[in-house]
Each structure stands twice: as structure tokens, then as C-alpha cells.
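Structure first, commentary second.
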Amino acid sequence: MDKFDVIVIGGGPGGYLAAERAGHAGLKTAVIEKRALGGVCLNEGCVPSKTFLNSAKIYEHALDGKVFGVTAENVKIDQNVVVDRKNKVVAQLVGGVGMQMKANHVTVLNGVGKILSKTPDGFVVSVDGKDEYLASKLIISSGSTAFVPNIKGAKESLESGFAMTNREILDLREIPKKLVVIGGGVIGLEMASYFNSVGSDVTVIEALNKIAGPTDSEISNILLKNYQKKGVDFRLSCSVTEIADGKVVYTENGESKSVEADKVLIAIGRRAFTADLGLENIGVYTERGAIVTDENMRTNVAGVYATGDVNGKIMLAHTAYRESEVAVNHILGKKDKMRYEAIPSVIYTTPEVGSVGETEDSAKAKGLDFKVATVSMRFSGRYVAEVENGDGICKLIIDNKYNRLIGVHLIGSYASEIIYGAAMMIESEFKIDDIKEFVFPHPTVCEVIREALFTI
Ligand code: FAD
Ligand code: NAI
């Protein structure tokens, strides 16, 4: 039986990064992947959705350029080209992951990995129920899958193709006339944004009274208004009761209503994927379906780690990356631990939303002593130059006791590229007076952070 220092189960961002770091450090490493390297992120998540959204952005620029002095005629979007280009981008990036595995001497095993037992020689893992391998350490990065609710007709609609999850919608070659999106969270909003831009009538049905989940309420409200203006129909505080052929039935204030649909996207959250991993064979502890981990990404079984979506903490690719680094560092005996306070998140709508740290709501709920500094994005010359009638804001949450930033929330262009700087300020626990001395490049949109600081 081939023996490895580390076997990683799952080749998504959590898994391939863990394998890459372990291999780079000289550990004999294998990664087992049953579908395609790159996982959800590269194949049916982050990257495909962003290629779609970029096509929509170019299309909108071409349609709406008049105000900037640019006009174009016969502007069309070709969904076949969009999907083909997405596939090309995905193939390129998946190929890149394969090359990284080679460069770091990682063995890639294609098939379903299952943990069979723990022996004095190590953990025994099978691939596709046949070949068996031994590992001194295991890193489980098996990711997550779309949650399918127990709603009448949901399963049948998915089978017939009337309803879709993120996987199917990112391969859609025809733009539906009427798209109903169930769930006004991140996936729902990004897909509503794309299909609204390219001409679908989009209705979003959301159970809560706000969109974008834990996003700062003021910011999610600006986002809502922007998309209402663009024609997206939001039905908030509504529960879907049935997905039937051609329509979605929901209740609003106890009253049953329905909306017609050509296609339906189900995007009401994701669940850690632990099926068929053989966790029970070695006694790995799970809670509400997710593997429980500590600050070193260790599970309750010595030598077994779990990183990425499967631990159900923060389901983002960059969280998975960092968790995997922490796990490998622990295996290598290096001092490191996972911190979740300054993990940035982005919603790639237009306008973009970038958030990190406490929101006004969460700071209030924790009883923190804080103040808020908010400025319009129009404080940035570049924003005014590039965005017509923009209503973006930059909102800082400042801890009064320690005089430092604990949250930054942006809605407007480049928010996705700016937010990491804010995360660094929070993570490094800089004092407000220190940040005031930082020099920001001009004219940039990130200058709004500096402007906001000087309002307090
Ligand atoms: P996954 O990417 O799910 O990878 C797990 C891998 O394990 C899969 O390839 C699976 O086939 C494999 N696997 C599972 N079980 C086994 C087994 N027994 N044997 C072998 N292989 C197995 N995050 C961001 O940070 N930014 C974004 O813009 C973003 N956009 C997203 C858009 C969409 C539509 C979706 C659905 C998600 C998005 N995410 C985004 C979230 C991001 O995709 C995930 O957080 C990330 O993929 C998690 O990485 P992971 O390695 O934990 O799991
Ligand atoms: P989500 O948790 O972001 O949003 C789900 C939404 O569905 C919530 O607003 C919830 O209230 C609503 N909902 C739940 N049950 C419902 C019901 N029965 N009827 C109507 N609404 C209902 O989950 P989503 O959008 O599926 O995304 C999953 C995860 O993927 C995200 O949490 C995020 O971690 C990751 N992701 C990240 C992206 C990014 O970083 N840009 C993009 C897309 C996904």
C-alpha cells in the first residue's frame, strides 16, 4: 500500500491549496478528487459566475455608453459565446491547478475518496472503493453542495430542468424570458444581476425582510434600490411553498400567491458535504452536518483536519485557502492559528459590495461601544468621473475603547479590490491615528476610506 505523509480529500480551493502547501514543504502528498480539480469555485462557482458578470458589464457599458459620449449600434449578447468563454476560462484555471500539483510533487488520485480505518501505520483511504492508500495525516476538504429545500415540486423541477442550482444555471445557453430566483443571498443576487442585465424578467423571492443576508442593512438597502431601479422584482418576507411547472407558489402575509417562470434558480444556501467520506469509520465529529474544527483546523480525531466549506464556518474560497495553510502549518509544527474577524466578503453585483468585520447591526447586538463614519462614494474624484449618478457609500465602524477600525462596508465600483486593504487594517489592529497617516493613491475610489476617517 502506497504511504503518504498527507492525503487530502477534495481538490477544491481548500484541498488543492492544502496539497500545494504540503507538497511545497516536502511532505509526500496526495489529493483525491472525484470530479475536477478546482472544486465548486473554479468549475461552478466563483470563476464561472464572475466570467458571466463580466460579459454583462461589457454589454451594459455598450448599451449605456451614451452619457459618456460613446454610442454603439446593434449591441447584442450571445449567451453561447458567454458560456463557451466561461468554459475556456475554467479549463485554463483547472489546468493551472493541475500544473501546480505537478510542480509541488503532489500525486493526484481521480475518484471518490473514502476513509476506511485508523491503523497503527496510519489512516487507510480507498479511491473508488478499490485502491487503498495509507496516510499519516488527513485533510478533509470535501466542500459543500446546494441546499435543496423540502418544498413541494422542488426535486421534480430540478430533475426536469425547470429548476436549477448554481451548477446548471452557469451552463444555461438560452436566456430565460422569466427567471424566478429563490433566495436573495449572494448567489441569488449575482445571478439576478446577470440575467437582469442580459434581458430576463427577474423576480427574487426572499424569506427575510432584507436581501444579502448579514450585509450591513444600509448597504443592502442601497443594493436593493439599485436593482429595483433596474427592474428586478423583489418579493421580501415571502416563503416559497411549491415549485410547479411554469410557476412558483409562495405565501406573503399568510396569503398564497404565485409568479410565472420559464426557469427557477434555487439559491437558499449551501450545506457541508460529508456523504460517503467514511467519517463514521474513524469517529470524526460533526455538528449540523459540518465537521467540527478548532483554531488549528483539527477535528476531534488526532491527525485529521477539515478545511473549507465542509467545516461550515465561512463558505468562501479565500477562507478555505487560509484554513488549509493553517492546517498544513500545524502538521509542520509551525505556530499558526485561524482567525475569522477580518475575512472580507464581496458581492459582485453592479454596484459591488465589499464588507469586512462588524456591521452596525452586529456591533449593536454585541453591545460594543462604537461609532460610525459614513461618507458618499462621491467623495472620490475617480468615482464621480466614472459613475453617473452613483449612490455608493463607505461606512466605517470604529471601536471607541481601542480607537481602531472593527468594520468597513463599501458599495460602489472597485469595492471588491479595495476591501482587502480594509481587512489588513482591521487584522493588524491599527489605531485610527495610524491609519490617518497612510497615504492613499489619488484619484482612486479607495480614498473614501481616508475621507471617512477624517469625518470623525
Ligand atoms: P469545494 O470547492 O466544494 O471543493 C470540494 C471538492 O471535493 C469538490 O471538487 C468535490 O468534487 C470534492 N469531493 C467531495 N467529496 C469527495 C470525495 N469523497 N472524494 C473525492 N473528492 C471529493 N467564494 C468566494 O470566495 N468568492 C466568490 O466569488 C464565490 N462565488 C461563488 C459562486 C457560486 C455560484 C458558488 C456556489 C460558490 C461561490 N463561492 C465563492 C464559494 C466557494 O466556491 C467555496 O467557498 C469554495 O469552493 C470552497 O472550497 P472547498 O475546497 O472547501 O470546497
Ligand atoms: P446565502 O446564505 O448567501 O443566501 C440564501 C438566502 O436564501 C438567504 O437570504 C435566506 O434568507 C434565503 N432563504 C432561505 N430559505 C429560503 C426560502 N425557503 N425561501 C426564500 N428564501 C430563502 O446562500 P447562497 O446565495 O445559496 O450562497 C451560498 C454561499 O456561497 C454563500 O453564503 C457564500 O458563502 C458563497 N458564495 C459567495 C459568493 C461571493 O463571495 N461573491 C458568491 C456566491 C456564493
Residue selected from the range 284-314 under the condition more than 15 Å from residue 8 (Cα to Cα) and within 16 Å of ligand 2 (Cβ to nearest atom), by the criterion most open to solvent (accessible area, probe 1.4 Å): 288
Here's a check for you: in the range 31-45, which residue that is assigned to a loop (DSSP other than H, G, I, E, B) and either within 16 Å of ligand 2 (Cβ to nearest atom) or not assigned by TED's automatic domain parsing to the domain that holds residue 139 (or both) is surrounded by the fewest Cβ atoms within 10 Å (Cβ to Cβ)? 45
Counting only residues that are aromatic (Phe, Trp, Tyr) and not in a helix (DSSP H, G or I), which one in the range 351-408 is most open to solvent (accessible area, probe 1.4 Å)? 402
Being within 16 Å of ligand 2 (Cβ to nearest atom), out of contact with any Pro (no Cβ under 9 Å at 6 or more places or on another chain) and open to solvent by 20 Å² or more (accessible area, probe 1.4 Å) narrows it down to one residue among 66, 28, 50, 3; which is it? 50
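When the range 82-92 is examined, which residues are found to be open to solvent by 20 Å² or more (accessible area, probe 1.4 Å) and closer than 13 Å to residue 56 by Cβ?
Passing the criteria: only 85.
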So which pairs qualify, if the first residue must be in the range 151-176 and within 21 Å of residue 83 (Cβ to Cβ), the second must be in a loop (DSSP other than H, G, I, E, B) and away from ligand 1 (no atom under 16 Å from the Cβ), the Cβ gap must be under 7 Å, and the two must be at least 6 apart or on different chains? 162/245; 175/198; 175/199; 175/200; 176/200; 176/262
Quick check on this structure: which one of 12, 23 is in contact with a Cys (Cβ under 9 Å, 6 or more places away or on another chain) and surrounded by 24 or more Cβ atoms within 10 Å (Cβ to Cβ)? 12
Of all residues in the range 130-166, how many are open to solvent by 50 Å² or more (accessible area, probe 1.4 Å), among the polar types (S, T, N, Q) and not in a strand (DSSP E or B)? 2
Picking from 109, 158, 138, 134, the residue that is farther than 29 Å from residue 47 by Cβ and in contact with a strand residue (DSSP E or B) (Cβ under 8 Å, 6 or more places away or on another chain) would be 134
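The values are calculated or read from the model by the stated rules, or taken from the named source; none is laboratory data. Predicted model only: the values in this text are computed from it and were never measured. Please note: Cβ atoms are built from the backbone with ideal geometry, for glycine as well, and neighbour counts cover all protein chains shown. Accessible surface is based on the protein model in full, side chains and every heavy atom, while ligands, DNA and RNA are left aside. Shrake-Rupley method; radii C 1.70, N 1.55, O 1.52, S 1.80 Å.
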